[in-house]
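Colleague: Structure below; questions to follow.
The values are calculated or read from the model by the stated rules, or taken from the named source; none is laboratory data. Quick caveat, the model's predicted, so the values are computed rather than measured. Note that each Cβ is placed from the backbone with ideal geometry, even for glycine, and that neighbours are counted across all protein chains shown.
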Amino acid sequence: MTFNGSLGRKLRMGLVGGGRGAFIGRVHVTGAVLDNRCELVAGALSSDPQICKESAPEYGIAPERAYASYQEMIESEASLPEGERIDFVTIATPNHTHYDIARRAIEAGLNVMCDKPMTFDLAQAESLVKLVQEKGVVFGLTHTYTGYPLVRQAREMVLGGELGEIEAIRSTYLQGWLRTRIEKEGQKQASWRTDPTKSGPAGCFGDIGTHAYNLGRYITGLMPEQISANLKIFTTGRQLDEYGHAVVRFENGAVGTVTASQLSHGRENDAFIEIDGTKASLEWHQENPNVMQFRQHGQPTKLYTRNPGAGYMTETGNAACRLPSGHPEGFFEAFANIYRSAYDDMALRASGSPVEQKDTIYTNVFDGAEGMFFLQQCVASSQQDGAWLEIRHPAARR
């Protein structure tokens, strides 16, 4: 058993979502337990009570802690002795359900790990920020790509000045899985993502555009000021954007672009970012995450590989690695890095120590509120023919 510092035990997890037919719930659990610092002990795995019960054995959840609803799980677990109840709730459900689950968990004093986007709208996100501050809980948001070792390496290099003054950010996320209307065929993941009553005000931009925007903010720390967006629906009958492009003006004079698509032929999960500075530039691709390109004018291109212990790896880059160089690490490990960082704070809180809520290596509730403001302003700008709107939210961190 791996203990969590002075806590002396594994953290106990309660999962909402992840029942049969789900995708991201299983990913959350795999990442959560990868470092042996957590055990899944309770779950409300579906909005269908029958599926909740039937799915529980697949996760090793005991029948008495396989709850018929998240309301029942949170109420029942919070009533247990402190040494038995869950320490945190993982939310792996459609967007429109996030707020109520998170609110109930926080009010019960439980920590939260939530899939993105954080809520259905900005008002809900701002409400959660206030609740988290009031209750002092740990709140992590799984912007997965911030957990990759070379993304954390890039962040430390940029913040350390190795690229000089940042002038341009090009952040892109291209998929093609919604090229046809598979939601009409009952495809579960497509059905709720294309439904504005469940997904929220944005479709493609809410699902993956938020990742692209967050990646640029995470690596550079630049504060955004204004945004102009153009979101587009190409498929007859759809109500939410399938493609979008946004231009961001940053306070230092830098410019950024965010492009997202879910109907680009042949694209699978092509998230990538390019950052230009006065001294150098870098480029990283999620589909080849163990390599990062570093360029300087007139010099050969350098390839940074995920190589723990190498002299060029930064402290945070090294800390995010588990395997020796040449053994690829990927999506599950990135999730695990986000969980592991949050666990450090959960263990501190459980031992009675104060925790930092805003300046964390993992994305948090403040980042979630900023992400919802980004989506709100993108939709509003697009509806106003690309008008320039304010994009800096009070919750945004440097």
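Colleague: Restricting to segment 27-84, name every residue that is among the polar types (S, T, N, Q), part of a loop (DSSP other than H, G, I, E, B) and touching a helix residue (DSSP H, G or I) at 6+ places or on another chain (Cβ under 6 Å). Can you show your working first?
Modeller: Our first condition is that a residue be among the polar types (S, T, N, Q); within segment 27-84, this holds for 30, 36, 46-47, 50, 55, 69, 71, 76, 79.
Remaining after also requiring part of a loop (DSSP other than H, G, I, E, B): 36, 46-47, 69, 79.
If the condition is that a residue be among the polar types (S, T, N, Q), part of a loop (DSSP other than H, G, I, E, B) and touching a helix residue (DSSP H, G or I) at 6+ places or on another chain (Cβ under 6 Å), then 46 is the only one that fits.
Colleague: Which one is surrounded by the most Cβ atoms within 10 Å (Cβ to Cβ), of the residues in segment 102-136 that are small (Gly, Ala, Ser) and over 20 Å from residue 25 (Cβ atoms)? Please lay out each step first, then the result.
Modeller: Narrowing segment 102-136 to residues small (Gly, Ala, Ser): 102, 105, 108-109, 123, 125, 127, 136.
With the extra rule that they be over 20 Å from residue 25 (Cβ atoms), the set shrinks to 108-109, 123, 125, 127, 136.
On the way: 108: 17, 109: 13, 123: 11, 125: 27, 127: 15, 136: 13.
Selected residue: 125.
Colleague: Is it true that some residue in segment 92-106 is under 20 Å from residue 368 (Cα atoms) and in a strand (DSSP E or B)?
Modeller: Taking segment 92-106 first, the residues under 20 Å from residue 368 (Cα atoms) are 92-106.
Those left that are additionally in a strand (DSSP E or B): 92.
Yes: one or more hits.
Colleague: Could I ask something else about it? Can you find a residue that is assigned by TED's automatic domain parsing to the domain that holds residue 252, modelled with pLDDT of 95 or more and out of contact with any helix residue (DSSP H, G or I) (no Cβ under 8 Å at 6 or more places or on another chain) anywhere in segment 131-145?
Modeller: No, segment 131-145 contains no residue that is assigned by TED's automatic domain parsing to the domain that holds residue 252, modelled with pLDDT of 95 or more and out of contact with any helix residue (DSSP H, G or I) (no Cβ under 8 Å at 6 or more places or on another chain).
Colleague: Moving on to the next point. Restricting to segment 33-80, and then to whatever is among the β-branched types (Val, Ile, Thr) and touching a strand residue (DSSP E or B) at 6+ places or on another chain (Cβ under 9 Å), can you tell me which residue is surrounded by the most Cβ atoms within 10 Å (Cβ to Cβ)?
Modeller: Step one: filter segment 33-80 for residues among the β-branched types (Val, Ile, Thr), giving 33, 41, 51, 61, 74.
Cutting the leftovers down to touching a strand residue (DSSP E or B) at 6+ places or on another chain (Cβ under 9 Å) gives us 33, 41, 61, 74.
Details: 33: 16, 41: 21, 61: 22, 74: 26.
Per the criteria, the residue is 74.
Colleague: Could you list, in sequence order, the residues of segment 362-380 that are β-branched (Val, Ile, Thr) and under 14 Å from the mean Cα position of the chain (by Cα)?
Modeller: We begin by selecting, within segment 362-380, every residue β-branched (Val, Ile, Thr); these are 363, 365, 379.
Matches in segment 362-380: 363, 365.
Colleague: Hey, another quick one. Return the residues of segment 355-398 that are within 20 Å of residue 111 (Cα to Cα) and of a type in the set (Ser, Thr, Tyr); say none if nothing qualifies.
Modeller: Result: 360, 362, 363.
Colleague: Which numbered condition trips up residue 321, out of (1) assigned to a loop (DSSP other than H, G, I, E, B); (2) out of contact with any helix residue (DSSP H, G or I) (no Cβ under 6 Å at 6 or more places or on another chain); (3) at pLDDT 95 or above?
Modeller: All conditions are met except number (2).
Colleague: Next up: Hey, among 345, 359, which residue is touching a residue at least 24 places away in the same chain (Cβ under 8 Å), within 19 Å of the chain's Cα centre (by Cα) and in a loop (DSSP other than H, G, I, E, B)?
Modeller: On the way: 345 fails: in a loop (DSSP other than H, G, I, E, B).
Answer to the check: 359.
Colleague: Please specify each residue of segment 68-78 satisfying the condition of being within 26 Å of the chain's Cα centre (by Cα) and within 13 Å of residue 17 (Cα to Cα).
Modeller: If the condition is that a residue be within 26 Å of the chain's Cα centre (by Cα) and within 13 Å of residue 17 (Cα to Cα), then 69, 70, 71, 73 are the ones that fit.
Colleague: Could you check how many residues of segment 169-190 are within 21 Å of the chain's Cα centre (by Cα), not hydrophobic (A, V, I, L, M, F, W, C) and not in a strand (DSSP E or B)?
Modeller: Within segment 169-190, residues that are within 21 Å of the chain's Cα centre (by Cα), not hydrophobic (A, V, I, L, M, F, W, C) and not in a strand (DSSP E or B) number 4.
Colleague: Sticking with this one: Output yes when any residue across segment 62-82 is under 29 Å from residue 329 (Cβ atoms) and of a type outside the set (A, V, I, L, M, F, W, C), and no when none is.
Modeller: Of all residues in segment 62-82, those under 29 Å from residue 329 (Cβ atoms) come to none.
No, because not a single residue in segment 62-82 is under 29 Å from residue 329 (Cβ atoms) and of a type outside the set (A, V, I, L, M, F, W, C).
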